[in-house]
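S.K.: Here's a structure for you.
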């Protein structure tokens, strides 16, 4: 079963009088249950591609299907609803709200659902326990290490039980040990919970956790097995 199909996607940005090509005629199929790593130098288009799979950005031309849904045809309102149910996004910079506890940060996506307070509590507790932070629920971000903050961010990404987890440089701000802990969680989500994971990274060590590694260079997705 295919989770994501990208057909002939192009993305250009206007900058003053010139046009910058971020993605050039990109096609890619991502199998459900795979752990795909997108690698490439800065400016290669990998984060742009990830953002388009998440519906955060839209292609200039081409088609993106996620679980059979053509997300390039959805309105911004429909995209927001779709994203909340389908996508779990993990950012490099954690994006936690400082005045909220770990529990409250993880609960945020559930406030957009019709779940009862008791059901929300159960979901949040399960997600935080899964990332090894069941004993840190009442801690604020300032009371957590960087690795723990990223694990809270992963719990927030999975609390709605999305089929697809997207991670943009999830270990970029972490020390080596914290990075390994975060990668081990992503690998566990992939192997034990059959989540499809797509990760952007510069780190060759991080890429070793993936089942498929693809490289981009100057907006072009290189053939499988070819590196920059």
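S.K.: Using alpha carbons only, how many degrees (0 to 90, rounded to 10) separate the axis of helix 76-86 from the longest principal axis of the chain?
M.R.: 60
S.K.: Let a ≥ b ≥ c be the square roots of the eigenvalues of the Cα gyration tensor of the stretch 1-122; is it rounded (a/c under 1.5), or, if not, prolate (a/b larger than b/c) or oblate?
M.R.: Because a/c hits 1.5 or more and a/b exceeds b/c, the stretch 1-122 counts as prolate.
S.K.: Taking the Cα atoms only, what angle lies between the long axis of helix 146-158 and the longest principal axis of the chain, rounded to 10 degrees?
M.R.: 80
S.K.: Against the longest principal axis of the chain, how steep is helix 176-191, in degrees 0 to 90 to the nearest 10, with axes from Cα atoms?
M.R.: 80
S.K.: A follow-up question, please. Between residue 16 and residue 63, take the C-beta separation as r, use R0 = 35 Å, and let me know the FRET efficiency to the nearest 0.05.
M.R.: 0.75
S.K.: Enter the Cα centre distance for the pair the stretch 113-171 and the stretch 1-54, rounded to the nearest angstrom.
M.R.: If you average the Cα positions of each part, the centres end up 27 Å apart.
S.K.: Give the shape of the stretch 130-212 as rounded, prolate or oblate, defined through the alpha-carbon gyration tensor: a ≥ b ≥ c are the square roots of its eigenvalues, a/c under 1.5 means rounded, and otherwise the shape is prolate if a/b is larger than b/c and oblate if not.
M.R.: Working: a/c = 2.01, a/b = 1.25, b/c = 1.61.
Oblate, since a/c reaches 1.5 and b/c is not below a/b.
S.K.: How much mean residue ellipticity at 222 nm does the chain get from its helices, if each DSSP H run of length 4 or more adds -39500 (n - 2.57) and you divide by all residues, to the nearest 500 deg cm²/dmol?
M.R.: -9500 deg cm²/dmol
S.K.: Provide the percentage of antiparallel DSSP beta bridges, counting only those with both residues in the chain; round to the nearest 5.
M.R.: 55
All of the numbers you see were taken from the coordinates with simple rules; none came from a lab. All values derive from a computational prediction rather than experimental measurement. All Cβ positions, glycine included, derive from the backbone under ideal geometry; neighbour counts span all protein chains shown.
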